[in-house]
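The values are calculated or read from the model by the stated rules, or taken from the named source; none is laboratory data. Keep in mind the model is a prediction, meaning the values are calculated, not measured. Here the Cβ positions follow ideal geometry from the backbone for every residue, glycine too, while neighbour counts run over all protein chains shown.
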Amino acid sequence: MKKSGLRDLGFYILIFFILISVVFILFYSDKTDKLQYSEVRRLFEQEKVESFKVEGSTLTLSLREPLNGSSTATYELYSFDVFYDDLHELIDRQVEAGIIENYDYDQGFQAPWWSMFLPYVFIFIVFGVLWYFMFSRSGAAGSADKTSRFSKARTTHLSGDSHRVTFADVAGADEEKAELQEIVEFLKNPKRFIDIGARIPKGVLLVGPPGTGKTLIAKAVAGEAGVQFLSISGSDFVELYVGVGASRVRDLFDQAKKVAPSIVFIDEIDAVGRQRGTGLGGGHDEREQTLNQLLVEMDGFGSNEGVIVLAATNRQDILDPALLRPGRFDRQVYVGLPDIKGREEILKVHVRGKPLAEDVDLSVVAKSTAGFTGADLENLVNESALLAARRGKRFITMPEFQESMIKVIAGPEKKSRVIPPQERRLSAYHEAGHALVIHSLPTHDPVHQISIIPRGLTGGMTISLPREDRSFLSKSFMIEQIVSLLGGRVAEKLVLDDISTGASNDIQRASAIARKMVAAYGMSDKLGTVSFESGHDEVFIGRSMAQTRSYSEEIAAEIDKEVKAIIDEAYRRCEEILRENLDKLHLVAEYLLEFETMDSETFQQVFSDSKAVEAMMERKKKEKAQTTDEYIMSPPPPGIVNPPAPKPDRDPEPPDRP
């Protein structure tokens, strides 16, 4: 409304100015003299002008004989110089002859002679300013200053007081904090170490999976020591121009020396510290020169007293060996996944300031989140708080934690997705097959939830939560993993006499586990305890192109046979389990088709008291049918003749094909 009102007001103002202009033009045209220049010239030639006066551009004539009833006439001169050049000789003669008695003109303002050069001076100044700005932007003007700023390291300074993070904010990493405590003590009291002849490590490399808190631990070291903390990313050194990265490395250590004692933290150091000689070209590229300068600065002829380098990476295998030797990165601290005690401590840190209900038990949440990193746990707490806020609750309850945990693992539910009845039935038997096989395997993790509601890219899911943390995987456990992954495919084939693409990811994972068992872990009785793989994936194009296999074609064929034998045996074992529990497979699938989700308690009841589960299903079906009948038979509200029919809770079964 405000915009339309302003638009209307502007339109009315425009109309008003147009009317004023029209009136002025009409008025001016009525008042202006219609005298032509030819008539003015003729009046002078016929000696009818007695006197005249020029004021500005207006020529006023006093006539000897009235013209159109008036003894005066006016004319608007286009240019006085044109008038003067045309009639000044005639006027001079008539003045000498006494025909023109007197005349006068207003000289007005006379510009000085140098004013004619002002436009040229102005144009020259404008072009000079534009030229200066163009060259200063491109680096031609003040190139030395531009180059020096371009080669400066773009570091982030965090002093001991601003954004202070201490070891109290780092949970679930007691051993890592103990390793770094010596660095804190050295920065606080270096004399105690120097007097005894000890040398503090020049560099500490934090290695671990993403999200385990490597950057947080580095900030905590700076916060505990109360020293300057200079943070920079490894990618900030890499530039298009060769030599810039090396210059930034020098500038980084110069900045650190000025504020020593200090900590230099290089995040994602693998961006600049990759192994040399792994590309297709020579060794004079930007990254290698930057790495060479970093090696010299950390342990060269110069000394970096009071400067400790912390670095973080999750790809230690691709770092250059010269970077990892003692004297540069003396220590390598592995920051791994937290155990159950560490997860509980991390959860306590992240729930600070958040209102929790009395039913929330963080120890239970910690047991249910095996394999979660610190970042995953932070995301879990945040998702629980968001879910509680959406539900209008004042406190975060245990159901929010449980639902958010599944959301972090598999993504949000897609309840609005329309699924054909055939796909729902296939998904139900697929997930029921997974669950039954998992339950029948002795060392496998128990089933936590079964669902045929789509999440992310999956049409359904079977969640099994670990009972305990595992550091190593046994051969029997890996074989059971393969058997459980084939449960969906075997159930489809056994019950529906058909298979689908829904098991493609399961087959890929099962095949990868079997190949690792044979080629990497030496778990094949036929091939023996021999590893046929390097242990890490190749990430360098130059090295991968020149790489040759360390085993023959016969061994490769044997590996393929062993992998297939493991998969075939797992398939046979899976089929045997499902045939023995075929009635339970149908019961679980029917439950999923009816209610879409089955929790662990109901699933365990299928094996302990299946009759009770069947009775519960019949009772819930009758309650639904009764609710639907009451809705249909209830009279419509006033004003509605035909009430809308209720939508069915489940898709109708397809008709049987002949």
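Restricting to helices (runs of 4 or more DSSP H) lying wholly in the stretch 551-623: which have 3 or more residues that are farther than 23 Å from Ile453 by Cβ and assigned by TED's automatic domain parsing to the domain that holds Ala512?
Details: elements: 553-580, 582-595, 600-608.
Filter on the stretch 551-623 gives 553-580.
Residues that are of a type in the set (Ser, Thr, Tyr) and touching a strand residue (DSSP E or B) at 6+ places or on another chain (Cβ under 9 Å) are absent from the stretch 404-417. Residues of the stretch 43-67 that are outside any strand (DSSP E or B) and touching a helix residue (DSSP H, G or I) at 6+ places or on another chain (Cβ under 8 Å): Phe44, Glu45, Glu47, Ser57. On the given criteria, is Val364 over 30 Å from Arg276 (Cα atoms) and in contact with a His (Cβ under 6 Å, 6 or more places away or on another chain)? Against the criterion (over 30 Å from Arg276 (Cα atoms) and in contact with a His (Cβ under 6 Å, 6 or more places away or on another chain)), Val364 does not qualify. Whether a residue is surrounded by fewer than 18 Cβ atoms within 10 Å (Cβ to Cβ) and not assigned by TED's automatic domain parsing to the domain that holds Lys202 was assessed, and Ser384 does not pass this test.
Residues in the stretch 226-239 that are within 14 Å of Ala271 (Cα to Cα) and of a type in the set (A, V, I, L, M, F, W, C) were compared, and the one that is surrounded by the most Cβ atoms within 10 Å (Cβ to Cβ) is Phe237.
Does at least one position in the stretch 398-413 carry a residue that is without any contact (Cβ under 8 Å) to a residue 24 or more places away in the chain, assigned to a loop (DSSP other than H, G, I, E, B) and outside the structural domain of Val207 (by TED's automatic domain parsing)? For the stretch 398-413, residues without any contact (Cβ under 8 Å) to a residue 24 or more places away in the chain, assigned to a loop (DSSP other than H, G, I, E, B) and outside the structural domain of Val207 (by TED's automatic domain parsing): absent. Residues that are charged (D, E, K, R) and either within 23 Å of Glu403 (Cβ to Cβ) or touching a residue at least 40 places away in the same chain (Cβ under 8 Å) (or both) within the stretch 591-622 comprise Glu594, Glu596, Asp599, Glu601, Lys620, listed in sequence order.
What number of residues in the stretch 486-500 are assigned to a loop (DSSP other than H, G, I, E, B) and among the charged types (D, E, K, R)? Of the residues in that region, 2 qualify.
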